[in-house]
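The values are calculated or read from the model by the stated rules, or taken from the named source; none is laboratory data. Everything numeric in this text was worked out from a predicted model, so none of it was measured. FYI the Cβ positions are ideal-geometry reconstructions off the backbone, even for glycines, and counts take in every protein chain you see. Each accessible area value is taken on the protein alone, full model and side chains, heavy atoms only, with ligands, DNA and RNA left out. Shrake-Rupley method; radii C 1.70, N 1.55, O 1.52, S 1.80 Å.
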Amino acid sequence: MTEKLSGKWPSQDGSPPPDVLQLRLYVAGRSPNSVRALANLHVICREWLADDDWQLEVVDVFADPMRAVEDKVLVTPTLLKLTPPGVRIVGDLSQREEVLAALNLTGREG
C-alpha cells in the first residue's frame, strides 16, 4: 500500500511544486505505533499547513519492503522529509514540539 494524501498531488506535469513540504511516512500495516504516527502527522499538517502546502506519501513496509530498503528505513514508523531532504524522525510522532522543530514549522502560525 502506497497512499498519497494532500491537496495537490501530483501537479499537472507530474512533478511536485517546489514550495510544497513533501513527506514520506513508512508504516508497518495497522500496528498501533503506525496508526498513532499517521494520526499525529495528519493533525500536525492540518493545524500547521494549508492544504496546498504539503504532500504525504504513506508506504506500508509489508506491502512494499523494497521502498524501505531504498530509503534505508530500518524501523517503523519513520517519517522522511523529502523537500528539502535530510530530516528523518523515528517513532509515533507524539512529541509534537520536536516534530514541528524538525520540520521547521515552529515559526509558522498554527
Looking only at region 18-32, how many residues end up being in a strand (DSSP E or B) and open to solvent by 50 Å² or more (accessible area, probe 1.4 Å)? 0
Apart from one, (1) surrounded by fewer than 15 Cβ atoms within 10 Å (Cβ to Cβ); (2) out of contact with any helix residue (DSSP H, G or I) (no Cβ under 9 Å at 6 or more places or on another chain) all hold for Val43; the odd one out is (2)
How about region 54-87: which of its residues are charged (D, E, K, R) and surrounded by 14 or more Cβ atoms within 10 Å (Cβ to Cβ)? Glu57, Asp60, Asp64, Arg67, Asp71, Lys81
